[in-house]
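Asker: Take this structure, written in structure tokens, and hold onto it; I'll ask about it next.
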Amino acid sequence: MNDCEDDRAAVRRIRAGDDSAYAELLARHRDRVFSFLLRLLGSPQDAEDVAQEAFVKAFSRLDSYDSARPFVSWLFAVAHHAALDFLRARRPAALSLDDPDGAPDLADSGPDAEAAAEAALDGRLIERLLAALPPLYREPLMLRHTQEMGISEIARVLSLPEGTVKVRLFRGRDMLKRKLSACGFGGEKF
Amino acid sequence: MKVNCDQARPRLQDLLEGILSAHAAAALKSHLVSCAGCRREKALLALAVEGMSLLAVRRPSAAFDARVLAAAAAARRERVHPRFAVWALDVAATVTVLWTAALAAFARPRLSVSGALSVVHALRHPAAALSVLELRAVEAGLSLPEALRAARHAAAVFSRVHFIPGSVLGVLPIQCMAATLIAGLAVAAAARPRHDPAVSRRIR
Ligand SMILES: [Zn+2]
């Protein structure tokens, strides 16, 4: 991956004292980190605050980054932990991202009148369905299917065993499937 | 190999990703030919995965970059002060080690063997070490947690003091360690908030 090499070069420049490389790393990863946090936290303001926290943390701890690994997965690990800290501090009642696998909310798969009105699969519909999943499942799904990370990479980002990641991905996709089905997808044409 | 629905469902994603062995893929496909339910599940799964690739990239507000870069630069400036603290601890550790070496060589009474052994004992037994540290901490005007943090820091610095000849360390390892801990406490006490908040924040 080309981005990967560019990231390593930028980190080398920072280590050599070139502060302009911070802006380059920020520009390259800002949108994906923000999108990830926005879908995780739900509020643009919270997502911006946590994204800022994550970048500042990452930039001030670059000496702990092992350049043998992709920079982006290290950055996402920092963002994941920043989101976790945020949720613990501000919303102790909310479902934590590292809850042990509780009973997934499979009951919530009845027909969704509003969603069913949508005829075609588009990003906005998926956005709504994804937002209705517990964060526990939403987070690995995003890393897998929007960031294109592999299982072992996701396991490192979330500090979870690979088996747990696989289970959460399976359950998350299953919930999304049921919601799509409730919206009228998967009808007689299949 | 015959595959039933319960075996088929968990493998549909692997089939879509093309990571099943040829044998497993063939068995699954032959099940799909005869099972409308699993065909529907596979189609829904493909749709869910395809759907997630349709998610739009979202952007933070225009001022985001400037804010992050300013906050990161401020964090870097703060890190300049701790470098002074580390430098000060380096110097303090070195001076104290040399002072202890001189003391051990010339002063009366010399550090007795039993005195050195009690330090070894303290280092080996955390509870005893704690009481030694606590005493030193009170002298230095620190609380015990502060003392422990300072001692840890001093120990880290100690391992970085590479410009002391190995022979000196070889002769006086215990005294050096003890002296460094005490020096760390003294400097940590000197760097309390009234002097420089940034330095003390680092030491805590
Ligand atoms: Zn079947």
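The values are calculated or read from the model by the stated rules, or taken from the named source; none is laboratory data. This is a predicted model, so every value here is computed, not measured. Please note: Cβ atoms are built from the backbone with ideal geometry, for glycine as well, and neighbour counts cover all protein chains shown. Calculation scope for accessible area: heavy atoms of the full protein, side chains included, ligands and nucleic acids excluded. Shrake-Rupley method; radii C 1.70, N 1.55, O 1.52, S 1.80 Å.
Asker: So A:GLY187 fits all but one of (1) within 13 Å of another protein chain (Cβ to nearest Cβ); (2) out of contact with any Ser or Thr (no Cβ under 6 Å at 6 or more places or on another chain); (3) assigned to a helix (DSSP H, G or I); what number is the exception?
Answerer: Unmet condition: (3).
Asker: Continuing with this model, one more query. Looking at the structure I just gave you, is B:ALA56 out of contact with any Lys or Arg (no Cβ under 8 Å at 6 or more places or on another chain), more than 7 Å from every other protein chain (Cβ to nearest Cβ) and open to solvent by less than 70 Å² (accessible area, probe 1.4 Å)?
Answerer: Spelling it out, it is not the case that B:ALA56 is out of contact with any Lys or Arg (no Cβ under 8 Å at 6 or more places or on another chain), more than 7 Å from every other protein chain (Cβ to nearest Cβ) and open to solvent by less than 70 Å² (accessible area, probe 1.4 Å).
Asker: Okay, next question. Would you please name the residue that is nearest to the other protein chains (Cβ to nearest Cβ), looking only at residues in the stretch B:8-52 that are near the ligand (Cβ under 9 Å from one of its atoms) and under 16 Å from A:PHE170 (Cα atoms)? I'd like the intermediate steps shown before the answer.
Answerer: Of all residues in the stretch B:8-52, those near the ligand (Cβ under 9 Å from one of its atoms) come to B:8-9, B:31-32, B:34-39, B:41.
Checking which are under 16 Å from A:PHE170 (Cα atoms) leaves us with B:8-9, B:38, B:41.
Working: B:ALA8: 13, B:ARG9: 9, B:CYS38: 10, B:GLU41: 7 Å.
Among residues in the stretch B:8-52 that are near the ligand (Cβ under 9 Å from one of its atoms) and under 16 Å from A:PHE170 (Cα atoms), the one nearest to the other protein chains (Cβ to nearest Cβ) is B:GLU41.
Asker: Further, regarding this structure: In the stretch B:21-52, which residues are within 12 Å of B:CYS5 (Cα to Cα) and not in a helix (DSSP H, G or I)?
Answerer: Scanning the stretch B:21-52 gives a single hit, B:CYS35.
Asker: For B:ALA93, are the conditions met, namely being over 34 Å from the mean Cα position of the chain (by Cα), more than 16 Å from the ligand (Cβ to nearest atom) and at pLDDT below 95? Spell out the reasoning first.
Answerer: Values: over 34 Å from the mean Cα position of the chain (by Cα): no; more than 16 Å from the ligand (Cβ to nearest atom): yes; at pLDDT below 95: yes.
It is false that B:ALA93 is over 34 Å from the mean Cα position of the chain (by Cα), more than 16 Å from the ligand (Cβ to nearest atom) and at pLDDT below 95.
Asker: Among the listed residues A:ARG12, A:ARG39, which satisfies the condition of being within 12 Å of the chain's Cα centre (by Cα) and in a helix (DSSP H, G or I)?
Answerer: Every option except A:ARG39 fails the conditions.
Asker: Sticking with this one: Within the stretch B:21-45, which residues are in contact with a helix residue (DSSP H, G or I) (Cβ under 6 Å, 6 or more places away or on another chain) and open to solvent by 40 Å² or more (accessible area, probe 1.4 Å)?
Answerer: Result: B:ARG39, B:LYS42.
Asker: When B:ALA63 is evaluated against the numbered criteria (1) within 14 Å of another protein chain (Cβ to nearest Cβ); (2) touching a Lys or Arg at 6+ places or on another chain (Cβ under 8 Å); (3) modelled with pLDDT of 60 or more, which criterion, by number, is the only one it fails?
Answerer: Of (1) within 14 Å of another protein chain (Cβ to nearest Cβ); (2) touching a Lys or Arg at 6+ places or on another chain (Cβ under 8 Å); (3) modelled with pLDDT of 60 or more, only one is false for B:ALA63: (2).
Asker: Right, something else. Quick check, is B:LYS2 open to solvent by 30 Å² or more (accessible area, probe 1.4 Å), more than 14 Å from every other protein chain (Cβ to nearest Cβ) and free of Cβ contacts under 8 Å to residues at least 60 places away in the same chain?
Answerer: So B:LYS2 fits the description; yes.
Asker: Ok, one more. Here is a check on your reading of the model: is A:ASP63 open to solvent by 40 Å² or more (accessible area, probe 1.4 Å), out of contact with any strand residue (DSSP E or B) (no Cβ under 7 Å at 6 or more places or on another chain) and within 14 Å of another protein chain (Cβ to nearest Cβ)?
Answerer: Against the criterion (open to solvent by 40 Å² or more (accessible area, probe 1.4 Å), out of contact with any strand residue (DSSP E or B) (no Cβ under 7 Å at 6 or more places or on another chain) and within 14 Å of another protein chain (Cβ to nearest Cβ)), A:ASP63 qualifies.
Asker: Separate question: With respect to A:ARG173, is the statement that it is touching a His at 6+ places or on another chain (Cβ under 9 Å), under 16 Å from B:LEU47 (Cβ atoms) and part of a helix (DSSP H, G or I) true?
Answerer: In short, yes.
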